[in-house]
Amino acid sequence: MRVGPKPQGLVGRKRGALCLLVSRLVLTVSAPAEVRRRVLRPVRSWMDRETLALADRHFRGLGGGVPGVGQAPGRVAFVSEPGAFSYADFVRGFLLPNLPCVFSSAFTQGWGSRRRWVTPAGRPDFDHLLRTYGDVVVPVANCGVQEYNSNPKEHMPLRDYITYWKEYIEGGYSSPRGCLYLKDWHLCRDFPVEDVFTLPVYFSSDWLNEFWDALDVDDYRFVYAGPAGSWSPFHADIFRSFSWSVNVCGRKKWLLFPPGQEEALRDRHGNLPYDVTSPALCDTHLHPRSQLAGPPLEITQEAGEMVFVPSGWHHQVHNLVIMRSCSGINFEEFYHFLKVIAEKRLLVLREAAAEDGAGLGFEQAAFDAGRITEVLASLIAHPNFQRVDTSAFSLRPKELLQQLREAVDAAVAP
């Protein structure tokens, strides 16, 4: 195993934090293109009792505070060898301290997308994508138009977007239509049998996608694809979830700010910036605290590499030469989301099973149940949630919380 600074062009600075341990996935094709990934089959999560005990001590020590806020290492760790890096290594080194890392292309070399979506020259295989998905209607954002802190979207067949993409390249990476970016395409939801990727064991406890899979209506697995110059504005992931992103081909530049740093970037009206590279951030009248923010941690992600983006880290992403979502949810829906995942974890704990249908072990279920307990307790205490009529809920929130606490106590008992 080699875990250390990434050799070329991977530099970093600053600090970290963690809240909901909810994973989301991103897959990227570039050169120029970016893509986001999906679970096709269960992968076992190997959390052992020692790691579970460590995690339990970690969260008990936080006392309900925000974890991991502090100084980040000077460089981002680069994990090179899949066979020498365990799930426990990931939990101890990155998940609990809430620090980003980069996994080498060796972790994704067997993926179907890397075999079929990319030409021998390392560029997007437009012919294959057209044959396979040409008539599929995809969402496309205009990177040149700001709509609040995002970009307006339109929908078009993939073949029309690829035609635009080729014309954009031929026009010297310019077009009268602006820079269009295919974003938030639910490819794996709409084509569930496609051999796109294999879920890494490090991200096999995936609450958001377990929830949507249980409802069988949606998912948080996306494909993004776009030419050089396309980009995603400054944001943090939904529910303070962590995410992981893989470049199928091409290169991406990441600008990451650890939790809390974003507060210094707000303007005098309290709004977060749309673009952290904008000269407007130097205007101390508009951004009076911007000088208090440290420089972003920068990562250059190469083809096949996988970036782990920790919980609560705001980031902005630029496609250098690249294929690669968001949601509103109310308190009642959020409780239902937690309840679905909690019931699945409680089933594992009650049966004391070594594994279940989701591929999770007893220790992983205990770890997740502990985190759900903390989030649910916080939700129940929230004044807005207390105004929700829970009388018709199949399981009252406080009853679920009590079940979780009892199960967690039993799981960590010697």
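Numbers below:
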read-out	value
Residue within segment 169-187 that is open to solvent by less than 40 Å² (accessible area, probe 1.4 Å), of a type in the set (Lys, Arg) and out of contact with any helix residue (DSSP H, G or I) (no Cβ under 8 Å at 6 or more places or on another chain) present	yes
Filter pass, ASP283 being at pLDDT 90 or above, of a type in the set (Asp, Glu) and surrounded by fewer than 17 Cβ atoms within 10 Å (Cβ to Cβ)	yes
Given (1) modelled with pLDDT of 95 or more; (2) loosely packed, with under 14 Cβ neighbours inside 10 Å, index of the condition LEU130 fails	(2)
Which numbered condition ASP160 fails, given (1) over 28 Å from HIS314 (Cβ atoms); (2) open to solvent by 30 Å² or more (accessible area, probe 1.4 Å); (3) not β-branched (Val, Ile, Thr); (4) not in a helix (DSSP H, G or I)	(4)
Residue that is modelled with the highest pLDDT [pool: residues in segment 60-76 that are of a type in the set (A, V, I, L, M, F, W, C) and open to solvent by less than 20 Å² (accessible area, probe 1.4 Å)]	VAL76
Residue satisfying all of: in segment 81-95; surrounded by 20 or more Cβ atoms within 10 Å (Cβ to Cβ) and hydrophobic (A, V, I, L, M, F, W, C); farthest from the chain's Cα centre (by Cα) among these	PHE85
Tally, over segment 234-253, of residues that are more than 13 Å from the chain's Cα centre (by Cα) and buried (at least 20 other Cβ atoms within 10 Å of the Cβ)	7
Of all residues making up segment 379-399, the number that are loosely packed, with under 13 Cβ neighbours inside 10 Å and either among the aliphatic types (A, V, I, L, M) or not assigned by the TED database to the domain that holds LEU338 (or both)	2
Which listed residue, of VAL145, VAL137, VAL118, is open to solvent by 50 Å² or more (accessible area, probe 1.4 Å), aliphatic (A, V, I, L, M) and over 30 Å from PHE257 (Cβ atoms)	VAL137
Filter pass, GLY260 being out of contact with any helix residue (DSSP H, G or I) (no Cβ under 8 Å at 6 or more places or on another chain), open to solvent by less than 40 Å² (accessible area, probe 1.4 Å) and not hydroxyl-bearing (Ser, Thr, Tyr)	yes
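The rows are residues; the columns are (1) outside the structural domain of GLU167 (by the TED database); (2) more than 27 Å from GLU333 (Cα to Cα); (3) at pLDDT 90 or above.
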| residue | (1), (2), (3) |
| --- | --- |
| VAL196 | no, yes, no |
| ASP206 | no, no, no |
| GLY229 | no, yes, yes |
| SER245 | no, no, yes |
| ASP267 | no, yes, yes |
| PRO273 | no, yes, yes |
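The values are calculated or read from the model by the stated rules, or taken from the named source; none is laboratory data. Computed from a prediction, not measured in an experiment: that's the story for all the values here. Neighbour counts are summed over all protein chains in view; Cβ atoms, including those assigned to glycine, are modelled from backbone coordinates with ideal geometry. Calculation scope for accessible area: heavy atoms of the full protein, side chains included, ligands and nucleic acids excluded. Shrake-Rupley method; radii C 1.70, N 1.55, O 1.52, S 1.80 Å.
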